[in-house]
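Every number in this text was worked out from the coordinates using simple rules, so none of it is lab data. Keep in mind the model is a prediction, meaning the values are calculated, not measured. Positions of Cβ are generated from backbone atoms using ideal geometry, with glycine treated the same way; all protein chains shown enter the neighbour counts.
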Amino acid sequence: MSVIVPWPGNDAVAQGMANALACPVLRVESRRFPDGEMYVRLHGACTGHAAAVVASLDRPDEKTPGLLFLADALRDAGAESVGLVAPYLAYLRQDTRFSPGEAVSSRTFAKVISHSFDWLVTVDPHLHRYASLSDVYSIPTTVVHAAGAVAAWIAEHIHTPILIGPDSESAQWVSDIAARIGVPWLVLEKVRHGDRDVVVSIPDASKLPGRTPVLVDDILSSGRTMIAAASQLRSLGAGDVVCIGVHAILGGDAEAAMKDAGVGRIVTCNTIAHPTNGIELTRAIAVATAPFLGTDRPGRQVRPAAEE
Ligand code: R5P
């Protein structure tokens, strides 16, 4: 038997996974003590079960201690294995020491998660200088790729698109999505001068005329990358720009600032619950999780999605 254990706030994806995998959902209670420390309580039985904790790791500093407590609480309650389904996986962007003395947080975070969980499922992790998650995670990992679902959304909603990645890292997913639907693509050149200070340039604008620019990136955080890219495109005469992000962190004024910069539509995958979510990945996440829970044997409910 298996159980799905949503960290508070992850109920929609967790319930969708539970439906797909025919597993019960256990409830987790969490709150802060007056001194700010975290209290975690697991409700329900899991003895002998494989447990999948579902927690998207936006705002990871608020959640990580509680998730570690929860993993131990599940083992104390008799779970035979405890994995983590983190549709958004945090702390991958600091993947090197850019300046002396900096902490390479990606390595430390991966070490901590690998110590507490038996396996990890995530969606399009930000792999730039790491070739794969196994460079830093010591537990088995499975990555769900959003490209198929993003390509299907673009094909259904956008007339004569051109896909544009805002920086060289984005070439990996932009080229994949473009190939699936047979449309042109290009990547911009990005220089980041600070957290909110981003400059992009367009090396070759000749493919743009007559096409709807669709910016595609893995993470929308402050929105400054998309704002710089959209502003460049607008200065070249582009109409409303469509922005697609896999992970909608979109903190503070990000969404409003993107709209002010000429972004007509923002669409994201449901890896982080956000009003811009329009691309559904729950089933693909369930399919990727099934082998870890032993629910992918013949006769069970989960079958790979046709597009994967
Ligand atoms: C970074 O390399 C990522 O791929 C994104 O481009 C970046 O995280 C976006 O951040 P922001 O929205 O703050 O510009």
- Note on the structure: Net charge (Lys, Arg +1; Asp, Glu -1) of residues whose beta-carbon lies under 14 Å from that of Pro8, Pro8 excluded, is +2
- Query: How many nm separate the modelled label positions at Gln172 and Arg27, each set 7 Å beyond the Cα in the direction of the Cβ?
  - Reply: 4.0
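Relative contact order of the chain: what whole-number percent is it, with Cα pairs under 8 angstrom and at least 6 residues apart? Kindly include the intermediate steps, with their values, before the conclusion.
Working: 628 pairs, mean separation 44.9, N = 308.
Relative contact order here is 15 percent.
To the nearest 0.05, what FRET efficiency results for Ala152 and Arg192 with a Förster distance of 35 Å applied to their C-beta separation? Each step should come with its number before you reach the end.
Numbers: r = 31 Å, r/R0 = 0.88.
Efficiency computed from Cβ-Cβ geometry: 0.70.
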- Query: Which ordering of Tyr91, Tyr39 is given by a fewest-first count of other beta-carbon atoms within 10 Å?
  - Reply: Tyr39, Tyr91
- Message: Could you give each residue of region 104-114 its phi-based ³J(HN,Hα) in whole Hz, using Karplus coefficients 6.51, -1.76, 1.60 with θ = phi - 60°, and x for Gly or Pro?
- Response: 8, 4, 4, 5, 5, 4, 4, 5, 5, 5, 5
- Restricting attention to the alpha-carbon atoms of region 135-174, what are Rg (one decimal) and Dmax (integer), both in Å? 14.1, 44
- Round to the nearest 10 and give me the degree value, 0 to 90, for the angle of helix 224-235's Cα axis relative to the longest principal axis of the chain. 20
- Message: For region 74-118 and region 126-178, what is the centre-to-centre distance using only Cα atoms, to the nearest Å?
- Response: 21
- Message: From the Cα trace of the chain, what convex hull volume per residue do you get, rounded to a whole Å³?
- Response: 138
- Item | Eligible aspartates and glutamates near Lys259 by straight Cα distance, threshold 15 Å, same-chain separation 8 or greater | Asp240
- Message: Restricted to Cα positions, what overall size does region 1-141 have along the principal axes? Three whole-Å values, descending.
- Response: 48, 38, 25
- Item | Rel. contact order, % - alpha carbon contacts under 8 angstrom, at least six apart, region 81-204 | 18
- Message: To check you understand DSSP bridge types, tell me what percent of the beta bridges within region 119-234 (both residues inside) are antiparallel, rounded to 5.
- Response: 30
- Item | Net charge of Cβ neighbours under 14 Å - reference Ala79; Lys, Arg +1; Asp, Glu -1 | -3
- Note on the structure: At R0 = 41 Å the Cβ-Cβ FRET efficiency linking Arg59 and Ser235, nearest 0.05, sits at 0.75
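Pull up the DSSP beta bridges for region 2-55 and report the antiparallel fraction as a percent, rounded to 5.
50
With n ≥ 4 as the cut-off for DSSP H runs, can you work out [θ] at 222 nm for the chain, using -39500 (n - 2.57) per run divided by the number of residues, rounded to the nearest 500? Walk me through the numbers on the way to the answer.
On the way: 8 runs with 93 residues, N = 308.
The per-residue figure over the chain is -9500 deg cm²/dmol.
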- Taking the chain as a Gaussian network, Cα atoms linked when under 10 Å apart, which of Arg93, Arg31, Arg283 shows the biggest mean-square fluctuation? Arg31
- Using only Cα atoms, find the angle between the long axis of helix 147-157 and the longest principal axis of the chain, and express it within 0 to 90 degrees, rounded to the nearest 10. 50
- Proximal lysines to Lys111, defined as alpha-carbon separation beneath 30 angstrom and excluding residues fewer than eight positions away on the same chain: Lys63
- Nearest-5 percent of antiparallel DSSP beta bridges in the chain? 20
